[in-house]
Structures are given as structure tokens and as C-alpha cells.
Ligand code: NDP
Ligand code: ZN
């Protein structure tokens with residue numbers, strides 16, 4: 001067990017042995033994989049991973065939909081676990097603390113965007129997996145479908161012991177990616193908010209928007225999610241495949257957030273905003289099959305705003321986590337073992353997950 005490792009070893013530049021589930025080519029299957037991680041530095045913590053969520057971004061990445069990648073890849077950027085060792089100058093965490101890790105494990109921490117708490121826009125952000133770690137000899141990072149990870153203390157999120165840890169992991173990406181733009185949009189009591197796509201991100205977005213006091217409408221392709229949308233806090237469900245339902249939708253939305261991971265016409269939703277309304281795009285379809293935006297569609301929807309959002313900074317991620325636990329906002333989780341990842345990916349691709357798969361890392365058996 002990792003817990004039995006001698007702390008002294010970490011401070012003597014010893015690499016950390018890890019075991020995870022890796023994919024070896026874009027059309028491959030997941031297999032157990034042994035590898036090593038950089039030693040625990042002065043400001044690093046070593047985390048025993050207990051749960052890892054499966055984000056649609058993992059699928060886009062390993063299948064080369066956002067560009068070619070180096071293999072093997074151990075994906076996973078929705079991580080919840082326990083601190084099992086700390087570097088000698090760590091002050092944010094102690095052994096035994098619960099910790100969350102999202103899409104980033106490091107950044108320069110000195111540039112204007114880092115100082116502005118937006119580390120996701122730093123030129124040197126180290127992404128949790130499939131990324132060059134410029135602070136560690138450009139080694140290739142491996143993510144959370146594994147038994148442990150080393151992270152700079154400033155990139156760990158504190159998880160209170162009052163949390164239901166088995167449901168926390170998806171907050172680290174699906175949670176922050178939807179909380180951040182909805183919070184920044186300044187949603188007020190009674191505002192009308194549309195959420196497009198009711199998957200991992202979408203079902204968190206509905207809960208946050210409802211908690212901010214919005215009247216939420218869900219735009220979805222899966223009729224089977226109609227009742228669940230209401231349980232999550234929506235007031236209206238529109239099946240976008242049903243032309244009649246779409247035509248009856250009033251064009252008076254204050255904010256629309258799109259989480260769609262496939263090709264679709266952005267202006268179809270832009271046209272549902274009231275003047276000066278805002279549409280935020282967080283879904284990131286493949287480069288081969290992108291979301292479509294025609295300039296005329298944009299121009300003729302005068303005065304509406306269209307913009308994107310990328311996860312959130314570390315400070316805001318902590319705020320999101322604290323807010324979620326305090327308000328009892330959690331994902332709906334389907335817990336799986338590591339041998340079921342390929343099957344889970346196929347179900348995500350069929351929009352057949354309610355609403356996030358989480359891998360129980362005990363299934364690794366280490
Ligand atoms: P999921 O697959 O869990 O959810 C997406 C949902 O979109 C599906 O459940 C489905 O819901 C709906 N959908 C699928 N295809 C279509 C379609 N053709 N037209 C309309 N709706 C469709 O994915 P995630 O929530 O994990 O991720 C969503 C997207 O967000 C991905 O592209 C991901 O890479 C991206 N992402 C972006 C981040 C950022 O920082 N910007 C961070 C994390 C993820 P329904 O059945 O309701 O139609
Ligand atoms: Zn993600």
C-alpha cells in the first residue's frame with residue numbers, strides 16, 4: 001500500500017510507482033498499466049485516488065478528436081482522494097486530508113492570468129493528463145484513472161469531511177465548468193436560463209442555475225430524461241428533435257449554456273435569447289465535426305452576446321466545491337469498476353448515462 005511508503009523516500013527524489021488504466025491507441029481498449037510519476041517535491045502532495053469521473057473530454061482526447069496525441073494515455077481529470085504524503089514545505093494540506101484535483105496540476109503561478117486566479121489561461125498550464133509538464137523535464141502527464149497522483153499543493157482543492165466523497169469527483173470538471181460561467185453571468189432570481197444537453201455537465205448546470213433562482217429550461221435529445229430534468233430543478237423540458245416543441249419555445253431567454261459535444265447550429269439557440277441575452281458555449285465537439293456558426297445567424301441576432309468558457313481557476317473551483325457541498329449539489333453517479341471503462345465510453349457516446357460514470361479505484365486492486 002502507498003501509505004506504507006517511507007516519507008523520506010519522497011524527499012530523496014524517488015519516482016512514484018503508479019498503476020492505472022491506459023489506452024494505447026485512438027481505437028484501442030483500456031488495459032491495466034504500470035508507470036511512474038515525478039517525485040514528491042517540496043510543494044507537492046501525493047494523493048491516493050479513491051474516485052475518478054469520466055468526462056466526455058476524456059473520450060474526445062483519447063480518440064484524437066481534438067488532434068493527435070502521444071500514447072499510452074491514462075485519462076481522468078475529475079479526481080477525489082486522500083493525501084498520503086506531503087513535501088517538506090507544504091502548508092495547505094496534511095496527511096489524511098481529502099483532496100480534489102481537476103484539469104490542472106500546475107502552472108507558472110506568476111503571470112498576470114495566474115495572479116488573477118485564472119491558471120487555466122497561463123502559457124505554462126500543466127494539464128492533468130496528455131500534457132507536457134514543463135516543470136518536470138517535459139514528462140508526459142498521466143491522469144486520474146489510477147491509484148495515485150502527485151500535484152502541486154496550490155492545485156489541490158480541499159474537500160470537507162462532511163462531503164459524500166463518492167460523488168465529489170465530477171465537481172472538479174463538470175461542476176466548475178458550469179458553475180463558473182453561470183455565476184459570472186450574474187443570474188438573478190426569476191431569470192430564464194436554458195441548458196442545452198443533459199449529460200454530465202448539463203445536469204450540474206441545471207442544479208446551479210436553479211440554485212441561483214433561475215427558471216430553467218432543458219433542451220435535450222433524449223426523451224427518457226424528461227422527468228429527471230424536473231427532478232434536477234428544471235421547469236421545462238424541450239425535446240429538440242420535436243419540431244413542434246421547438247417552435248413553441250418563447251424567445252425570451254436571459255442566458256443559454258450549451259454543453260453539446262457534437263455538431264449543431266449555434267444560431268438555433270442564439271435566436272432564443274432576448275435582446276442583450278447571453279449564450280455561453282462550453283461543449284467542445286471534435287475538430288472533424290465542429291459546432292456550426294454562420295456569420296448571418298450571428299449578425300441577425302443583434303445585440304445578443306456569444307462567448308465560451310473553459311473550466312475555472314483554482315480559487316473559483318474551491319468556491320464551487322464549498323458552495324456545492326453546502327447546498328447539497330452533487331452529480332448523479334453511476335459507479336463502475338476499472339474493467340468497465342470501454343463499456344462506459346460507449347454509453348456516454350449514446351447519451352445513455354445518468355449522469356456521470358465514476359470509477360471506484362478500489363477496483364484496481366492495489
Ligand atoms: P456528456 O456526453 O455527458 O453530455 C452531453 C449531452 O449532450 C448528452 O448527454 C446529450 O444529452 C447531449 N447531446 C449529445 N449529442 C447531441 C446532439 N447531437 N445534439 C444535441 N444534444 C446532444 O458530455 P459532458 O457533459 O461530459 O461534456 C459535454 C461537452 O463539454 C464535451 O464536448 C466536453 O468535451 C466539453 N467540456 C468542456 C469543458 C470546458 O471547460 N469548456 C470542460 C468539460 C467538458 P441529451 O440526451 O440531453 O440530448
Ligand atoms: Zn472534463
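The values are calculated or read from the model by the stated rules, or taken from the named source; none is laboratory data. No experiment lies behind these values; they were computed from the predicted model shown. Methodologically, a virtual Cβ is constructed for each residue, glycine included, from the backbone with ideal geometry; neighbour enumeration extends over all protein chains shown.
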Note to self: Can you confirm whether residue 112 is touching a strand residue (DSSP E or B) at 6+ places or on another chain (Cβ under 9 Å) and farther than 26 Å from residue 163 by Cα?
What the structure shows: no
Requiring at least 1 residues that are within 16 Å of ligand 2 (Cβ to nearest atom) and touching a residue at least 12 places away in the same chain (Cβ under 8 Å), the helices (runs of 4 or more DSSP H) wholly within region 186-259 are 200-211
When region 51-84 is checked residue by residue, the ones that are crowded, with 24+ Cβ neighbours inside 10 Å and more than 16 Å from ligand 2 (Cβ to nearest atom) are 81
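Determine whether region 239-259 contains at least one residue that is surrounded by fewer than 17 Cβ atoms within 10 Å (Cβ to Cβ), within 26 Å of the chain's Cα centre (by Cα) and near ligand 1 (Cβ under 9 Å from one of its atoms).
Quick first cut of region 239-259, residues surrounded by fewer than 17 Cβ atoms within 10 Å (Cβ to Cβ) only: 241-248, 250-252.
Narrowing further to those that are within 26 Å of the chain's Cα centre (by Cα): none.
No, region 239-259 contains no residue that is surrounded by fewer than 17 Cβ atoms within 10 Å (Cβ to Cβ), within 26 Å of the chain's Cα centre (by Cα) and near ligand 1 (Cβ under 9 Å from one of its atoms).
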Of the conditions (1) touching a strand residue (DSSP E or B) at 6+ places or on another chain (Cβ under 6 Å); (2) within 30 Å of residue 68 (Cβ to Cβ); (3) assigned by TED's automatic domain parsing to the domain that holds residue 196, the single one that residue 285 does not satisfy is (1)
When region 151-185 is checked residue by residue, the ones that are within 16 Å of ligand 2 (Cβ to nearest atom) and in a loop (DSSP other than H, G, I, E, B) are 168, 173
Going by the structure shown, is residue 32 away from ligand 1 (no atom under 15 Å from the Cβ), in contact (Cβ under 8 Å) with a residue 60 or more places away in the chain and in contact with a strand residue (DSSP E or B) (Cβ under 9 Å, 6 or more places away or on another chain)? yes
Being crowded, with 19+ Cβ neighbours inside 10 Å, without any contact (Cβ under 8 Å) to a residue 24 or more places away in the chain and farther than 26 Å from residue 337 by Cβ is the requirement here; does residue 114 meet it?
yes
